[in-house]
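Any read-out appearing in this document is the output of simple, stated calculations on the displayed coordinates, not a laboratory observation. Predicted model only: the values in this text are computed from it and were never measured. Positions of Cβ are generated from backbone atoms using ideal geometry, with glycine treated the same way; all protein chains shown enter the neighbour counts.
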Amino acid sequence: MRTLRSLYTTAAAASILAVALPASAQQLSIATGGTGGVYYPIGGGFAEMINNHIEGAQATAEVTGASVENMGLIMRGDADLALALADTVYQAYTGTDDFEGRQIENTRALASVYPNAVQLVTLAESDIESIADLAGKRVSVGAPGSGTELNARALLEANGISYEDFTPQRLNFNETADAIRDGDIDAGFWSVGPPTSSILNLAATRDIRLISLSDEEVANAQEEEAVFAPYELAAGMYDGMDEAVQTIGIPNVLVVNADMDEELAYQLTQLLFENTDELIAVHPAANDTTVKFTMESTPVPLHPGALRYFEEVGAEIPDRLRP
């Protein structure tokens, strides 16, 4: 298997008995995102859970460009599992939008793990008060090949704003935070599970403001992307954030290739849902990792191994999630 820049990760020690898997499931690669986002700690935490609980399996979290790149890694077999935004996963599965002409029909889901929130950040001293104020500004729209860029573009275009209206910069989360701090850009988008470390670090060094969306802007975004949903960032989430901020949320999906061994997919799904407390200890976004959230939010069919687990626990499985 082709290896990306690999980083081993840590999480809480395991307390359940290890479960043996077929010898073919020895090395597992989990495609995540940049180190300043949530994919990396979530993927790393799950990798450590696999290492602690599944006998004979060793998992590694890989740093990537996130959602769009991750779907290509799954298609080519260069990653065994990947985290990706629901809209990206759906586009890949159906061969639409950015995946037109390169459909990934073998996309299958194990779970929807948590929702992302689109977060638009600027300095408190900035004159940017709404997305309309981005006109003429320097704005980071996310790393190339990331779900952040897909979400930012969809949100903006749904509200009559194009890249021609401002100067887009394609920076990852840490680069975006650094550029805002240093005055190299005026604002930046994150599509990530809140709170995220790069915004926390930025807020600790500079006074920041998160930009709220109006009800109309949220409704326009929902018309553009069916997977968008209203989402409220709680007051106090970041230093200096005195009021709640209205934005949109998008589920994050743990995907695999349909060719994954069924027993392996079953054990991975069982591990995720029966030891969620270990993942919550790594990042609070995993509080949303529930069977109910997966049934409601997953945009593509489940892997047969995952289906077997959900059937065993008595979940009401929608027909759209059956291959």
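So the values come out like this:
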| quantity | calculated |
| --- | --- |
| Tilt relative to the chain, helix 173-182 - C-alpha long axis, 0 to 90 degrees, to 10 | 20 degrees |
| Gain on full stretching of the segment that runs from T167 to A124 - 0.36 nm per residue minus C-alpha separation | 13.5 nm |
| Listed residues N201, M260, F46: farthest to the positive end of the dipole of the chain (Cβ charges) | M260 |
| Formal net charge of residues neighbouring T276 (Cβ-Cβ distance under 13 Å; K, R +1; D, E -1) | -3 |
| √(5λ) per eigenvalue of the Cα gyration tensor, region 117-250, largest first, Å | 20, 17, 14 |
| Length-normalised contact order for region 23-113 - Cα pairs under 8 Å, 6+ apart - percent | 27 percent |
| Full-extension gain in nm, R181 to E311, via 0.36 nm per residue minus C-alpha separation | 41.9 nm |
| Cβ-based net charge around Y163, under 13 Å, with every Lys or Arg adding one and every Asp or Glu removing one | 0 |
| Under the Karplus curve 6.51 cos²θ - 1.76 cosθ + 1.60, θ = phi - 60°, whole-Hz ³J(HN,Hα) for region 191-202, x wherever Gly or Pro sits | 10, 6, x, x, x, 10, 4, 5, 6, 4, 5, 5 |
| Qualifying GluC sites (Glu not before Pro) for region 270-323 [loop in DSSP, other Cβ within 10 Å: at most 10] | E316 |
| Nearest 10 degrees, 0 to 90: helix 67-76 Cα axis against the chain principal axis | 30 degrees |
| Between region 117-165 and region 245-323, the Cα center-to-center distance that results, in Å | 30 Å |
| 10 Å Cβ shell holding at most 12 others, DSSP loop, trypsin sites (Lys or Arg not before Pro): longest site-free stretch of the chain | 103-323 |
| Cα-based helix-to-principal-axis angle, 262-274 vs the chain, degrees rounded to 10 | 60 degrees |
| Loop GluC sites (Glu not before Pro), region 193-262, which have at most 15 other Cβ atoms in a 10 Å radius of their Cβ (DSSP) | E243 |
| Dipole moment magnitude, nearest 20 debye, the chain about Cα centre, only Lys, Arg, Asp, Glu C-beta charged | 880 debye |
| Relative contact order for the chain, counting Cα pairs under 8 Å that sit 6 or more residues apart, in percent | 23 percent |
| Residues in region 164-186 reached by a label modelled at L200 [backbone nitrogen below 20 Å; 7 Å Cα→Cβ] | 172-181 |
| Cleavage-rule hits, GluC sites (Glu not before Pro), region 109-166, DSSP coil, Cβ neighbours within 10 Å at most 12 | E125, E129 |
| Mean separation of Cα contacts under 8 Å (6+ apart) over length of region 43-195, as relative contact order % | 23 percent |
| Local electrostatic count, D182, Cβ distance below 15 Å [Lys/Arg +1, Asp/Glu -1] | -3 |
| Region 117-250 - share of DSSP beta bridges that are antiparallel (%, nearest 5) | 75 percent |
